[in-house]
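Below is one structure; the comments refer to it alone.
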Amino acid sequence: MKFKRYDLIIIGGGPVGMALSIALRHSGLSVLILEARSSPEKKEDPRPLAFSYGSRLILQRLGIWESLPDVTPITTIHISNRGGFGRTVLTAGEVNVPALGYVVIHHDVFRAMHKRLGGCGVDYLTEAQVQQVESDTEEGRIKFQHNGKTRQATADLLVLADGGRLTRHIEGVTQHAHDYHQWAVVTGIETSLPQCGVAYERFAAEGPIALLPLGRYFSLVWTVSPSMAQEILSLDDSEFLACLHKQFGDRLGKFIGASKRSGFPLSLKYVTPVTARRIVLIGNAAQTLHPVAGQGFNLGLRDAWELAGEIISTPSDVGSPMILKKYRDKRQIDSGAGRVFTDSLVKLFSNDDFLLQSIRGMGLSALDCLPPAKRFVAKRMMFGARG
Ligand SMILES: Cc1cc2nc3c(=O)[nH]c(=O)nc-3n(C[C@H](O)[C@H](O)[C@H](O)COP(=O)(O)OP(=O)(O)OC[C@H]3O[C@@H](n4cnc5c(N)ncnc54)[C@H](O)[C@@H]3O)c2cc1C
């Protein structure tokens, strides 16, 4: 079995791994990217991804933005508390941006990136499952299955963008995990009132209900307990819409149609540190967050962008301790803040304790009356901890 040598091997051709490969297209480095699944063209993933304005700028620089087929701008975010007072409304005008964010379907991003990757001069293998990862101070080594054969490759740097599947095999990094005992139920929703660019986040005792504008209708991400998720997934459409209406209220008129429903178990996972010898973890492999604040992919995209920046600025020794330290230090605040912010939102808003309900009602009302505070929050959500 022959070893093939690269400057960089990216394990995982999800959106974050692909974004990194595309960001390195002019670097002159030899790059191999391996994806376990078959061609993304066939892949259906109905998750809505809310991109921040900052992510739009990165996707434009990667040449992906223009090829996304359906992008719906969010011009207003409406946050409210079910069964209590308090709400905050944030508009794009208050932050001087054309939109606070954009909603795109996960599989559209996947396909656009897959297509773009074709012209980037990287070695890109699908149906290539990495089974073993090792490293020392000189290089990283992998074994993977492709076309029924075991192959091997080495590189100056291994990037794990595999969503966290191989983390337990990496020496020197610790994975922290917390199961929220919640599921996200995702589907498309047609309402009797048209969508006007408003994204709704409504906090209920079971968990938040997010209705994101998508095309003419909405995309729903409804967080509930695992047992309620099973119940909701088994309802017929009219029972499901009645149940949603009861939780969400009348703000959008009637809920008149729903597409196929999917469920995703939710947990918080993150690793410390995000680097090991000749290895770096990015995207969901570094931090998997609850979708309540729509931060996961946005953070992962910034991981990819900043890592590419570090590599391009010192291409002579990709994966050296100095580059890895610079990357780690750069990402620490953004990643930590995204994680703490998201986790606090889940804990503060996913319960019906009377005292907490009053505090969050007051918090939402206070935020609504303080434009500088609103701008502060909005900028962090759009561009990360460094605003
Ligand atoms: C319901 C829901 C809604 C969400 N909404 C938002 C949102 O609005 N905004 C937002 O920013 N984020 C959102 N997220 C988070 C977002 O989906 C993730 O952060 C993003 O998909 C992570 O991308 P990734 O490439 O890091 O990981 P993944 O998407 O997990 O990709 C990892 C890839 O690695 C491949 N792989 C795994 N193991 C191997 C192996 N051994 N060998 C080769 N390949 C391998 C997998 O096949 C996969 O394609 C949401 C998540 C959920 C669940």
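The values are calculated or read from the model by the stated rules, or taken from the named source; none is laboratory data. All of these numbers come straight from a predicted model, not from anything done at the bench. Cβ sites come from the backbone with ideal geometry, for glycine too, and all protein chains shown count toward neighbours. In case anyone asks, the SASA skips ligands and DNA or RNA and just uses the protein heavy atoms, side chains included. Shrake-Rupley method; radii C 1.70, N 1.55, O 1.52, S 1.80 Å.
Couple of notes before you dig in:
- Test: residue in segment 54-62 that is at pLDDT 90 or above, open to solvent by 30 Å² or more (accessible area, probe 1.4 Å) and among the aliphatic types (A, V, I, L, M): yes
- Single residue of GLN152, GLN145, GLN131 found to be within 10 Å of the ligand (Cβ to nearest atom) and either among the basic types (Lys, Arg) or touching a Phe, Trp or Tyr at 6+ places or on another chain (Cβ under 7 Å) (or both): GLN131
Okay, residues lined up against (1) within 24 Å of ASN298 (Cβ to Cβ); (2) buried (at least 18 other Cβ atoms within 10 Å of the Cβ):
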{"site": "VAL103", "(1), (2)": "yes, yes"}
{"site": "MET113", "(1), (2)": "yes, yes"}
{"site": "GLY121", "(1), (2)": "no, no"}
{"site": "ALA128", "(1), (2)": "no, yes"}
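- Single match in GLY319, GLY309, GLY294 (criterion: within 16 Å of the ligand (Cβ to nearest atom), assigned by TED's automatic domain parsing to the domain that holds LEU20 and of a type outside the set (D, E, K, R)): GLY294
- Filtered residues of segment 162-197 (kept if of a type in the set (A, V, I, L, M) and out of contact with any Lys or Arg (no Cβ under 9 Å at 6 or more places or on another chain)): LEU166, ILE170, VAL173, ILE189
- Among the residues of segment 262-299, those that are part of a loop (DSSP other than H, G, I, E, B) and within 16 Å of LEU49 (Cα to Cα) comprise LEU289, HIS290, GLY294, GLN295.
- Test: residue in segment 134-146 that is assigned to a loop (DSSP other than H, G, I, E, B) and under 25 Å from the mean Cα position of the chain (by Cα): no
- Among the residues of segment 283-296, not a single one is surrounded by fewer than 20 Cβ atoms within 10 Å (Cβ to Cβ), closer than 16 Å to VAL159 by Cβ and either out of contact with any helix residue (DSSP H, G or I) (no Cβ under 7 Å at 6 or more places or on another chain) or not hydrophobic (A, V, I, L, M, F, W, C) (or both).
- Checked against (1) open to solvent by 60 Å² or more (accessible area, probe 1.4 Å); (2) in contact with a helix residue (DSSP H, G or I) (Cβ under 7 Å, 6 or more places away or on another chain); (3) aromatic (Phe, Trp, Tyr), TYR217 meets all criteria but (2).
- The set of residues in segment 29-53 that are open to solvent by less than 20 Å² (accessible area, probe 1.4 Å), outside any helix (DSSP H, G or I) and either within 12 Å of the ligand (Cβ to nearest atom) or of a type in the set (S, T, N, Q) (or both) comprises LEU32, ILE33, LEU34, GLU35, ASP45, PRO48, PHE51, SER52.
Every residue, every condition in (1) in contact (Cβ under 8 Å) with a residue 40 or more places away in the chain; (2) crowded, with 19+ Cβ neighbours inside 10 Å; (3) more than 11 Å from the ligand (Cβ to nearest atom); (4) outside any strand (DSSP E or B), yes or no:
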{"residue": "ASP156", "(1), (2), (3), (4)": "yes, yes, yes, no"}
{"residue": "GLY172", "(1), (2), (3), (4)": "yes, no, yes, yes"}
{"residue": "HIS178", "(1), (2), (3), (4)": "yes, no, yes, no"}
{"residue": "ALA184", "(1), (2), (3), (4)": "yes, yes, no, no"}
{"residue": "LEU193", "(1), (2), (3), (4)": "yes, no, yes, yes"}
{"residue": "TYR200", "(1), (2), (3), (4)": "yes, yes, yes, no"}
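- Close Cβ contacts (under 9 Å, 6 or more residues apart or on different chains) running from residues in segment 275-292 that are modelled with pLDDT under 95 to residues that are small (Gly, Ala, Ser) and away from the ligand (no atom under 14 Å from the Cβ) comprise VAL292/SER350.
- Screening LEU233 on (1) surrounded by fewer than 17 Cβ atoms within 10 Å (Cβ to Cβ); (2) within 30 Å of SER358 (Cβ to Cβ); (3) hydrophobic (A, V, I, L, M, F, W, C); (4) within 16 Å of the ligand (Cβ to nearest atom) shows it passes everything except condition (2).
- Qualifying residue in segment 69-77 (condition: touching a Lys or Arg at 6+ places or on another chain (Cβ under 8 Å) and more than 9 Å from the ligand (Cβ to nearest atom)): no
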